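One structure, pasted below without further comment.
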Amino acid sequence: MVRFFDLHCDTLKVSFHQKLDDIYEIPGSMLDIRRMGEAGSLAQCFAIFMPPKWTEPVTDSEYLAHCFQVFKTAMERHRDIIAPALSGGSIERNKQAGRMSAFLSFEDGRPIDGKLENLDAYYDMGIRLITLTWNGENCFGFPNSKDPVLMQKGLKPFGKGAVRRMNELGIVLDVSHLSDGGFYDVAEISKKPFMASHSNCRALSPHQRNLTDDMIRTLAEKGGVAGLNFAPAFLNADTACRDSTAALISAHARRMIDVGGVECAALGSDFDGISGNLEISGVEKMRLLFDRFHHDGLSDDVIEKIAWKNALRVFKDITGDTPLDLGEYH
Ligand SMILES: [Zn+2]
């Protein structure tokens, strides 16, 4: 069985909407801990996705409290099979102990609220990756956009300082959703590798959420990775097409490798954040993707790099290769 490290899912959002206190079994979801275990997951980034606007009567802080609590509860209840990871080294230790690893991330840096001390506070609460923006402007900068003026806008002064602080703390910088201008600012300022946790190749699918060849090369030169996203709009040449297949994902993987080298491709499924006619419709179907990689001529070694080794390398580069344990997890 091929193990895998998925850099992005929105499953915590599902737990909020379904008012769940655990993520072990979630009927109707694309991912839960039980199915991760059966499918051979090695590690999963659980994003706390910040909706741009609340349709229900809830505040950001109530929502954040739910997400942190449900994650903590799940990790405590199912510690025999999964444990929170606070560093790349934690993944290896958890693996040796027969456990999967779970990282917490923010999708949209809005909770940071323009204050560097909030980066430190959320680091202490276990956040190890921040997708700097979602699809709107925030304290870090500007989102990807069809508007070329907006797309060229770079990071705000706070965003530039935050990049430096995230480097110091050991929080992974994630440029998926960021403007192209912001991408190049991160590439210039960051002293460490960075990621596009769930973005594909713009040369194959012209959606503005995807990376140009030059961006893939830049990301690879910095030692970073891009996580292959399973969303139809980011896979097809016609971004209105609703089909997502293992063959399309494999084509993007091979393009990434052709452009950036074998070290820069990873997985960022976007499970529970996407819809359409999905061949990989949940974590239990991951094997179909690895079968397709084989079918398309990728070697076992290359498949392992895409599946987990590249992502683990970057987490170790940024968050450290010393295992940090639960005692340090507040
Ligand atoms: Zn996203």
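The values are calculated or read from the model by the stated rules, or taken from the named source; none is laboratory data. Since the structure is predicted, the reported quantities are computational estimates derived from the model, not experimental observations. Note that we place each Cβ from the backbone using ideal geometry, even for glycine, and neighbour counts take in every protein chain shown.
Looking only at region 33-50, filter to residues that are away from the ligand (no atom under 16 Å from the Cβ) and among the small types (Gly, Ala, Ser); which one of those is farthest from residue 304 (Cα to Cα)?
The residue in question is 37.
Provide a single number: the residues in region 95-134 that are over 29 Å from residue 39 (Cβ atoms), away from the ligand (no atom under 16 Å from the Cβ) and in contact with a His (Cβ under 8 Å, 6 or more places away or on another chain).
Of the residues in that region, 1 qualify.
Right, here's the next one. Among the candidates 197, 179, which residue alone is surrounded by 20 or more Cβ atoms within 10 Å (Cβ to Cβ), within 16 Å of the ligand (Cβ to nearest atom) and over 28 Å from residue 71 (Cα atoms)? Write out each step before concluding.
Values: 197 fails: over 28 Å from residue 71 (Cα atoms).
So the residue among 197, 179 that is surrounded by 20 or more Cβ atoms within 10 Å (Cβ to Cβ), within 16 Å of the ligand (Cβ to nearest atom) and over 28 Å from residue 71 (Cα atoms) is 179.
Table: residues versus (1) free of Cβ contacts under 8 Å to residues at least 40 places away in the same chain; (2) closer than 19 Å to residue 271 by Cα.
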site: 5; (1), (2): no, yes
site: 34; (1), (2): yes, yes
site: 49; (1), (2): no, yes
site: 62; (1), (2): yes, no
site: 72; (1), (2): yes, no
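Quick one: how many residues across region 203-213 are assigned to a loop (DSSP other than H, G, I, E, B) and away from the ligand (no atom under 16 Å from the Cβ)?
Matching residues across region 203-213 total 4.
Further question on the same structure: Do we find a residue being within 25 Å of residue 72 (Cβ to Cβ), within 16 Å of the ligand (Cβ to nearest atom), at pLDDT 95 or above and among the hydrophobic types (A, V, I, L, M, F, W, C) anywhere in region 269-279?
Among the residues of region 269-279, at least one is within 25 Å of residue 72 (Cβ to Cβ), within 16 Å of the ligand (Cβ to nearest atom), at pLDDT 95 or above and among the hydrophobic types (A, V, I, L, M, F, W, C), which makes the answer yes.
Next question. Could you tell me whether residue 312 is farther than 21 Å from residue 203 by Cα, modelled with pLDDT of 95 or more and within 16 Å of the ligand (Cβ to nearest atom)?
The answer is no for residue 312.
Of all residues being part of a helix (DSSP H, G or I) and under 18 Å from the mean Cα position of the chain (by Cα) in region 93-111, which is nearest to residue 176 (Cα to Cα)? Just the residue, please.
So, considering only residues that are part of a helix (DSSP H, G or I) and under 18 Å from the mean Cα position of the chain (by Cα), the one nearest to residue 176 (Cα to Cα) is 110.
Now for a different question. From the list 154, 223, exactly one residue is over 17 Å from the mean Cα position of the chain (by Cα), at pLDDT 95 or above and either away from the ligand (no atom under 15 Å from the Cβ) or under 20 Å from residue 7 (Cα atoms) (or both). Which is it?
Being over 17 Å from the mean Cα position of the chain (by Cα), at pLDDT 95 or above and either away from the ligand (no atom under 15 Å from the Cβ) or under 20 Å from residue 7 (Cα atoms) (or both) holds for just one of 154, 223, which is 154.
Testing residue 233 on (1) within 14 Å of the ligand (Cβ to nearest atom); (2) in a helix (DSSP H, G or I); (3) touching a strand residue (DSSP E or B) at 6+ places or on another chain (Cβ under 8 Å); (4) not β-branched (Val, Ile, Thr), one condition comes back false. Which one is that?
(3)
Determine, yes or no, whether residue 258 is without any contact (Cβ under 8 Å) to a residue 12 or more places away in the chain and either within 24 Å of residue 297 (Cα to Cα) or touching a His at 6+ places or on another chain (Cβ under 8 Å) (or both).
Criteria met by residue 258.
Just the residues that are within 16 Å of residue 160 (Cβ to Cβ) and among the hydrophobic types (A, V, I, L, M, F, W, C), please, taken from region 104-118.
Those that are within 16 Å of residue 160 (Cβ to Cβ) and among the hydrophobic types (A, V, I, L, M, F, W, C): 112, 116.
Which of the helices (runs of 4 or more DSSP H) contained wholly in region 118-189 include at least 2 residues that are among the aliphatic types (A, V, I, L, M) and in contact with a strand residue (DSSP E or B) (Cβ under 8 Å, 6 or more places away or on another chain)?
By residue number, 157-169.
Looking at residue 301, is it over 25 Å from residue 174 (Cα atoms) and either over 21 Å from the mean Cα position of the chain (by Cα) or acidic (Asp, Glu) (or both)?
On the way: over 25 Å from residue 174 (Cα atoms): yes; either over 21 Å from the mean Cα position of the chain (by Cα) or acidic (Asp, Glu) (or both): yes.
So residue 301 fits the description; yes.
Can you find a residue that is surrounded by fewer than 22 Cβ atoms within 10 Å (Cβ to Cβ), modelled with pLDDT of 95 or more and polar (S, T, N, Q) anywhere in region 243-262?
Among the residues of region 243-262, at least one is surrounded by fewer than 22 Cβ atoms within 10 Å (Cβ to Cβ), modelled with pLDDT of 95 or more and polar (S, T, N, Q), which makes the answer yes.
Can you report the number of residues in region 5-32 which are surrounded by 24 or more Cβ atoms within 10 Å (Cβ to Cβ), away from the ligand (no atom under 16 Å from the Cβ) and of a type in the set (A, V, I, L, M)?
Residues meeting the conditions: 1.
If you go through region 135-147 one residue at a time, how many are surrounded by fewer than 21 Cβ atoms within 10 Å (Cβ to Cβ) and either more than 15 Å from the ligand (Cβ to nearest atom) or within 19 Å of the chain's Cα centre (by Cα) (or both)?
6
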